[in-house]
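Below you'll find the structure, written out as structure tokens, and then a few comments.
The values are calculated or read from the model by the stated rules, or taken from the named source; none is laboratory data. Treat the numbers as computed from the prediction; the structure is a model and nothing was measured. Positions of Cβ are generated from backbone atoms using ideal geometry, with glycine treated the same way; all protein chains shown enter the neighbour counts.
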Amino acid sequence: MNIFRLLGDISHLLAIIILLRKIWMSRSCAGISGKSQLLFGLVYTTRYLDLITSYISLYNSVMKVVFLAASYATIYLMYVKFKATYDHNHDTFRIEFLVVPAVALALLINHDFQVVEILWTFSIYLESVAILPQLFMVSKTGEAESITSHYLFALGVYRGLYLLNWIYRFWAEDHYDLIAIVAGVVQTVLYCDFFYLYITKVLRGKKLQLPA
Amino acid sequence: AVVAFAHDEL
């Protein structure tokens, strides 16, 4: 565990809490892509199956349980409790275009052709693109609430910090995992355009609004 | 050394 990973995990946790809190306090999930949340639910489920098969540390297990629980809670709030506020007309990204290639790629490029390993690989590939329905929704409506922007920023920072973590681990521990690194770079790059808007607009007190 | 299967990250 190094400082980059710890800060990355904290940022990840913060993103999830910001989102849950926003939905709970406003009693609404307007502006949030349910499809991205379903994809994240699938990502956590397929990656954290190893909770049963391998123990790494108490920290690791607790965080996994928290991520799973928070993800399912978000999905429940969106699709059951506050279903009426879900903006499905603007959430039109076709997720099969992400899931099918992620399955295919996981079957083709993996560390080992075993069920748990392929599910892990699938979750890494899917996570890298799982935010696309949300970004698509923001681009479709042309705007995002500040709180939604904070959520997206924290979620983007998380994978960015993981990149620093991987650079550190390569240098300090001689450890690297190419699948995670390549997918992590893709994931971080997808947030770059958003980071620019966040810094130039949201941090200056303006609403995130795309040019018409 | 590459520790490919040590999925010790979240």
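Suppose we filter the range A:36-65 for residues that are within 10 Å of chain B (Cβ to nearest Cβ) and either among the polar types (S, T, N, Q) or assigned to a helix (DSSP H, G or I) (or both); how many remain? Spell out the reasoning first.
Residues of the range A:36-65 within 10 Å of chain B (Cβ to nearest Cβ): A:44, A:47-48, A:50, A:54, A:56-57, A:59-60, A:63-64.
With the extra rule that they be either among the polar types (S, T, N, Q) or assigned to a helix (DSSP H, G or I) (or both), the set shrinks to A:44, A:47, A:50, A:54, A:57, A:59-60, A:63-64.
Of the residues in that region, 9 qualify.
Go through the range A:107-135 residue by residue and tally those that are modelled with pLDDT under 95, assigned to a helix (DSSP H, G or I) and either within 15 Å of the chain's Cα centre (by Cα) or not aliphatic (A, V, I, L, M) (or both).
1
Quick check: anything in the range A:167-186 more than 14 Å from chain B (Cβ to nearest Cβ) and under 25 Å from A:GLY34 (Cβ atoms)?
Yes, the conditions are met somewhere in the range A:167-186.
What tally of residues in the range A:16-68 results from selecting those that are in contact with a helix residue (DSSP H, G or I) (Cβ under 6 Å, 6 or more places away or on another chain), closer than 23 Å to A:ALA106 by Cα and of a type in the set (Ser, Thr, Tyr)?
Residues in the range A:16-68 being in contact with a helix residue (DSSP H, G or I) (Cβ under 6 Å, 6 or more places away or on another chain), closer than 23 Å to A:ALA106 by Cα and of a type in the set (Ser, Thr, Tyr): 4 in total.
Taking the options A:TYR151, A:TYR191, A:TYR158, A:TYR198, name whichever one is within 21 Å of A:GLN37 (Cβ to Cβ), in a helix (DSSP H, G or I), of a type in the set (Phe, Trp, Tyr) and within 14 Å of another protein chain (Cβ to nearest Cβ). Talk me through it step by step, then tell me what you get.
On the way: A:TYR151 fails: within 14 Å of another protein chain (Cβ to nearest Cβ); A:TYR191 fails: within 14 Å of another protein chain (Cβ to nearest Cβ); A:TYR198 fails: within 14 Å of another protein chain (Cβ to nearest Cβ).
Exactly one of A:TYR151, A:TYR191, A:TYR158, A:TYR198 is within 21 Å of A:GLN37 (Cβ to Cβ), in a helix (DSSP H, G or I), of a type in the set (Phe, Trp, Tyr) and within 14 Å of another protein chain (Cβ to nearest Cβ), namely A:TYR158.
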